[in-house]
Amino acid sequence: MAVSEDAQTEIIVAEQVTHFESGNEMAATAAAQINYHIMGYFPITPSTEVAQYLDQMKANGLHDIQLIAADGEHGSAGICYGAAMAGARVINATSSQGFLYMLEQLPTQSGTRFPMVLNLVTRAVSGPLDIRGDHSDLYYGLNTGWVILTASTPQAVYDMNIMALKIAEHSEVRLPVIVAYDGFFTSHQKRKVQYFKENEVVQNFVGPNPNPNYPNVSDPAHPVTIGAHMGGDDLLNNHYQLSVALEKAGEVYAEVAREYAALSGREHKVLDLYRMDDAEVAVFLLNSAGESAKDTVDALRAKGIRAGLVRPNLIRPFPAEQLRQALKNVKALLVGERADSYGAQGGNLTHEIRSALQVDPDNKTIILSRIFGLGGKDFYADDAEAFFQLAMDAAAKGYAEKPFDYHGYYPGDAKDALVPVMEPLHGDAYKSGLIEVTPSEDTGLLKVKLPPLRQLTAKPHRLAPGHGACPGCGALSALELFFKGIEGDMVVLFQTGCAYVVTASYPYSSHNQTFVHNLFQNGAATLAGMVDAFYELKRRGEVQISDDITFVMVSGDGGMDIGMGATVGAALRNHKMIILEYDNEGYMNTGSQLSYSTPMGHMTSTSGVGKAQKGKKGHHKDTAQILAACNIPYVFTGAESNPQDLLQKAAKAQWYANNVGTAYGKLLCACPLNWKTSDHSGYDLVKAAVDSCFFPLYEIEQGITSITYNPELKGKRIPAVEWLKGMGKTKHLLKDEELLQNFEAEIERRWSRLKLKNESSLL
């Protein structure tokens with residue numbers, strides 16, 4: 001039961017059920033009960049689960065949300081904005097780099113006043129990369145014009161997702177809303193929660209869109225222009241209106257919170273003030289850390305110390321007046337922040353609190369700032385005690401000796417300096433002298449002479465033992481085999497993905513030669529800059545190296561989706577480098593979500609199988625043909641099942657990369673964990689994919705296509721079903737005749753086209 005603040009009468013709350021669920025599960029539950037029209041999304045840890053849970057529900061017919069897998073977070077933000085302009089109710093979920101990648105789009109949506117809800121599952125921002133939780137992504141959103149709610153528990157995630165849509169669509173707000181909650185702390189940890197038993201309760205609370213006549217593109221009888229460019233006066237007026245609406249959102253939040261309390265029995269006030277009535281020292285914390293610190297407040301109170309805690313549920317608009325009232329009698333406040341505003345002597349919220357108090361001439365609260373918990377570093381009771389002790393010391397002295405600092409850092413010690421455990425290998429160590437590549441005098445095409453394969457095993461590994469790949473992972477063994485065909489020194493850039501994560505976890509590295517990491521979307525551009533800088537420095541005599549270095553970019557786990565723009569750009573510029581894609585048919589690093597390389601009908605965590613859907617819709621992307629259309633000198637496909645073929649292609653790729661321009665290769669690699677098969681069957685599955693012509697082996701050299709292994713001519717072709725039946729992710733395909741026929745027909749169509757290209761140099 002809840003008690004109305006106005007009428008002081010009992011209100012019977014709606015029927016609810018009790019479960020143990022995580023924050024991501026509760027975000028998905030709220031979305032499903034609202035039954036949004038559209039979710040544009042892209043997988044990124046730790047927010048990915050929201051889309052996964054919604055896909056599972058969708059497969060079982062529990063909601064009608066259209067889930068649209070984007071090519072990257074920038075694309076997902078565009079999908080959501082477009083859907084909102086069409087009058088749809090829209091939701092999304094993202095984290096960290098994904099949030100930054102879509103950041104360009106966010107002010108556009110708020111500036112044109114189209115509501116939606118975005119779950120921001122907070123995570124550390126690169127670099128270097130850390131997938132655990134802090135608030136460095138959230139702080140980038142403070143100036144986007146979006147309303148920002150902060151949810152400290154899985155229960156709050158559910159409640160605020162329902163409240164958020166009502167706030168967003170309010171006729172005096174009409175702004176998109178972020179619901180921010182802590183990655184892994186809140187997103188994955190299960191807590192006791194309640195949610196409404198009937199979806200209708202949620203839908204009735206949210207109600208119909210109160211702005212049915214707000215301009216949208218779905219009404220041709222009333223054409224509109226959205227996003228026209230503005231001059232200074234108009235833009236000033238536009239942003240003033242946005243500011244007024246955002247301030248109004250604070251009042252609307254309080255109103256909606258009271259209404260929701262009457263329905264649920266839970267009220268999320270603008271500020272959660274824990275034992276602040278007579279507090280003399282206090283700590284200000286966001287989200288899960290604030291929940292953890294409540295026990296410390298109780299322990300200090302038991303010792304007679306007047307301690308209190310301030311935890312906001314709303315930070316945009318910033319609750320300045322509420323903070324002024326809450327801190328009237330507080331002598332010292334420590335603001336703990338999980339993100340720094342570098343060089344500003346305090347995080348963003350520290351300065352906003354100081355600004356809020358400065359306009360109150362009677363407030364004498366001493367403000368301290370401490371940056372803590374970056375990259376998911378745990379926050380314990382003794383950390384909270386340390387914060388309170390700093391506040392107590394400042395209150396006793398009447399000033400803060402050190403107003404700003406980091407908490408919990410280790411300055412280092414010379415005895416802990418990292419030292420290599422292996423002698424570096426370079427140059428001649430990787431030159432076998434056994435691989436010969438020569439251009440043909442007649443055609444100009446390359447001829448490769450290889451030794452017996454066993455002789456190349458004497459070449460040292462590019463990847464040292466000790467990586468953390470899953471048992472049976474085909475990516476690293478295929479990459480190592482490819483590297484055997486590369487002579488001399490190599491610099492390799494890995495985009496984010498399994499092969500990066502399992503080989504370069506600080507302070508360890510499995511790379512015996514120079515290795516660089518950059519993010520999904522920008523690997524090819526980064527390597528392009530590296531390559532051209534190397535050759536320019538060498539031309540000027542500033543690099544004293546007689547031989548060329550072979551530059552290789554390794555992508556995988558769907559990296560040829562989000563990174564496709566930079567890849568095509570690099571290919572069109574024809575930089576001297578190799579772009580190598582290991583294709584494991586999904587975003588395996590983040591939990592086996594569908595990518596555009598996932599074949600039609602295959603099951604992933606975001607293309608579930610149930611009564612309402614049957615795996616991924618649409619056929620897989622033919623990346624090799626896309627890169628060939630860029631007219632680069634060399635394109636190939638390869639597989640471990642045909643090692644000599646792969647080594648020949650590696651040698652050709654190196655020659656073209658060092659002498660002509662960009663070479664691109666695509667390797668099919670088994671992922672036993674997510675293909676749902678035994679650890680030892682990867683080689684056989686890749687061989688079956690090749691022999692069924694699902695993954696044909698060919699090369700496109702100087703525009704001329706050649707099939708390098710034809711299972712038909714060798715009498716080894718097998719039906720696609722022989723490949724499919726070896727994997728758990730495709731068992732359902734064997735029982736669906738129409739789906740299976742469609743899948744086989746696409747294999748045959750692509751194989752037939754490839755054979756025609758093989759027969760004619762003009763195709």
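Screening Leu246 against (1) within 19 Å of Pro115 (Cβ to Cβ); (2) part of a helix (DSSP H, G or I); (3) at pLDDT below 95 leaves a single unmet condition, (3). In the set (1) within 21 Å of Leu142 (Cβ to Cβ); (2) crowded, with 22+ Cβ neighbours inside 10 Å, the condition left unmet by Ala391 is number (1).
When the criteria are applied in full, Asn216 meets the requirement of being surrounded by 12 or more Cβ atoms within 10 Å (Cβ to Cβ) and assigned to a loop (DSSP other than H, G, I, E, B).
For every residue, the table says whether it meets (1) farther than 19 Å from Ala30 by Cβ; (2) touching an Asp or Glu at 6+ places or on another chain (Cβ under 8 Å); (3) not charged (D, E, K, R).
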| position | (1), (2), (3) |
| --- | --- |
| Tyr181 | no, no, yes |
| Val193 | no, yes, yes |
| Val217 | yes, no, yes |
| Pro220 | yes, no, yes |
| Gly231 | yes, no, yes |
| Tyr240 | yes, no, yes |
| Ala245 | yes, yes, yes |
| Glu255 | yes, no, no |
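In this structure, is Leu734 without any contact (Cβ under 8 Å) to a residue 60 or more places away in the chain, surrounded by fewer than 15 Cβ atoms within 10 Å (Cβ to Cβ) and either in contact with a helix residue (DSSP H, G or I) (Cβ under 8 Å, 6 or more places away or on another chain) or under 26 Å from Phe551 (Cα atoms) (or both)? Yes: the conditions hold for Leu734.
Looking at this structure, is Val690 more than 28 Å from Gly444 (Cα to Cα) and in the same structural domain as Leu479 (by TED's automatic domain parsing)?
Considered against the rule, which asks whether it is more than 28 Å from Gly444 (Cα to Cα) and in the same structural domain as Leu479 (by TED's automatic domain parsing), Val690 comes out as yes.
Consider the stretch 605-654 and keep the residues that are under 21 Å from Val721 (Cα atoms) and among the hydroxyl-bearing types (Ser, Thr, Tyr). The one that is surrounded by the fewest Cβ atoms within 10 Å (Cβ to Cβ) is Ser641.
Contact annotation: no residue pair with Cβ atoms under 7 Å, 6 or more positions apart or on different chains, pairs a residue in the stretch 708-727 that is farther than 25 Å from Leu739 by Cα and not assigned by TED's automatic domain parsing to the domain that holds Asp645 with a partner that is surrounded by 13 or more Cβ atoms within 10 Å (Cβ to Cβ) and at pLDDT below 95. Note on the stretch 190-210: residues that are in a loop (DSSP other than H, G, I, E, B) and touching a Ser or Thr at 6+ places or on another chain (Cβ under 6 Å) amount to 2. Gly408 falls short of the stated requirement of being of a type outside the set (D, E, K, R) and over 17 Å from Val283 (Cβ atoms).
Of the residues making up the stretch 85-110, those that are closer than 16 Å to Leu175 by Cα and crowded, with 24+ Cβ neighbours inside 10 Å number 4.
Looking across the stretch 692-726 at every residue that is of a type in the set (A, V, I, L, M, F, W, C) and over 23 Å from Ser597 (Cα atoms), the one that is surrounded by the most Cβ atoms within 10 Å (Cβ to Cβ) is identified as Ile704. Taken across the stretch 657-668, residues that are at positive phi, assigned to a loop (DSSP other than H, G, I, E, B) and crowded, with 20+ Cβ neighbours inside 10 Å do not occur at all. Restricted to the stretch 570-604, and to residues there that are among the small types (Gly, Ala, Ser) and outside any loop (DSSP other than H, G, I, E, B), the residue that is surrounded by the fewest Cβ atoms within 10 Å (Cβ to Cβ) is Ala571.
Report whether or not Arg462 is within 38 Å of the chain's Cα centre (by Cα), of a type in the set (D, E, K, R) and not assigned by TED's automatic domain parsing to the domain that holds Gln644. So Arg462 fits the description; yes. Selection over the stretch 611-640 of residues that are out of contact with any strand residue (DSSP E or B) (no Cβ under 7 Å at 6 or more places or on another chain), among the small types (Gly, Ala, Ser) and farther than 16 Å from Glu738 by Cα gives a count of 1. Summed over the stretch 121-152, the residues that are surrounded by fewer than 24 Cβ atoms within 10 Å (Cβ to Cβ) and under 20 Å from Lys190 (Cβ atoms) give a count of 2.
The values are calculated or read from the model by the stated rules, or taken from the named source; none is laboratory data. Since this is a predicted model, take the numbers as computed values, not measurements. Using ideal geometry, Cβ is built from the backbone for each residue, glycine included, and neighbour counts are taken over all protein chains shown.
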